Amino acid sequence: MCMPIGGRYVRLIIQRVKHASCTIEGELYSKIDKGYCVFVGFTHDDTEELVSKMVNKLTKLRVFEDENGKMNKSLSDVGGAILSISQFTLYASCKKGNRPGFTDAARPEVAIPLYDFFNEEIKKSGIPVQTGVFGADMKIDLLNDGPITIIYDSQEMF
């Protein structure tokens, strides 16, 4: 597992989808049509500044085809939305044995405000966003489009 530079290390798994939904306790909680299903994880000393930078990159990502079949359009170009799902397991470490450890994942008192800030920053960008519920047992259903899956890792980006 890579160690964060200066402790800052937000992770996003971005999947281009035809549709995606989140069900909690058998009830549909949220859903989107065309857009991204984004799994987001934080570590202990991530900051709002870093989250803002990640949201800026995310909302400007161009992975939708233009009229020439090239991935050249962004979410706003195609009227897409984001389903944002908090996922501490993005910080799983299996260095020792086969059972993952999650000590690098931010504790809820750090992660929840950052997750809320992440979603508010997406809204401010003008992109519609739906969410899951932090800490809930969520069932995510999605139809991956492409498939196109992009990993954003703040350590590699900034």
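Can you bin segment 9-74 into rounded, prolate or oblate? Criterion: square roots of the alpha carbon gyration tensor eigenvalues sorted a ≥ b ≥ c, rounded for a/c under 1.5, prolate for a/b above b/c, oblate for the rest. Working shown, then result.
On the way: a/c = 3.05, a/b = 1.10, b/c = 2.77.
Because a/c hits 1.5 or more and a/b fails to exceed b/c, segment 9-74 counts as oblate.
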By how many nm would the segment from N72 to I151 grow when fully extended, if each residue of separation counts as 0.36 nm and the alpha-carbon distance is taken off?
26.7 nm
What residues qualify as long-range amide H neighbours of V17, i.e. H under 5 Å apart, gap of 5 or more or another chain, H built at 1.01 Å from N?
G35, Y36, C37, D145
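What is the antiparallel percent of DSSP beta bridges lying wholly in the chain, to the nearest 5?
Details: 30 of 39 bridges.
Rounded to the nearest five, the antiparallel share is 75 percent.
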Can you tell me, using C-alpha contacts under 8 Å and at least 6 residues apart, the relative contact order of segment 47-158 as a whole percent?
28
Straight-line reach only, C-alpha to C-alpha below 20 angstrom: list the lysines that K139 could link to, leaving out same-chain residues fewer than 8 apart.
K18, K31, K34
Averaged per residue, what accessible surface does segment 17-113 expose to a 1.4 Å probe, in Å²?
56
What is the set of long-range amide H partners of S30 at a cut-off below 5 Å, with H atoms built 1.01 Å from backbone N?
C22
For the modelled label position 7 Å from the Cα of Y29 along Cα-to-Cβ, which residues of segment 120-139 have backbone nitrogen atoms closer than 18 Å?
120, 129-139
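Quick one: which of 83-94, 11-22 comes out on top by average Cβ neighbours within 10 Å, and what's the full order, highest first? Numbers along the way, then the final one.
Numbers: 83-94: 19.0, 11-22: 20.9.
Descending packing order for the listed peptides: 11-22, 83-94.
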For segment 5-117, rounded, prolate or oblate, judged on the Cα gyration tensor with a ≥ b ≥ c (square roots of eigenvalues), a/c < 1.5 rounded, else prolate if a/b > b/c?
prolate
From the backbone phi of segment 122-134, what are the Karplus-calculated ³J(HN,Hα) couplings (6.51 cos²θ - 1.76 cosθ + 1.60, θ = phi - 60°) in whole Hz, Gly and Pro given as x?
4, 4, 4, 6, x, 8, x, 9, 10, 10, x, 10, 4
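The values are calculated or read from the model by the stated rules, or taken from the named source; none is laboratory data. Owing to the predicted nature of the structure, the values given are computational and were not obtained by experimental measurement. FYI the Cβ positions are ideal-geometry reconstructions off the backbone, even for glycines, and counts take in every protein chain you see. With ligands, DNA and RNA removed, areas are computed over all heavy atoms of the protein, side chains included. Shrake-Rupley method; radii C 1.70, N 1.55, O 1.52, S 1.80 Å.
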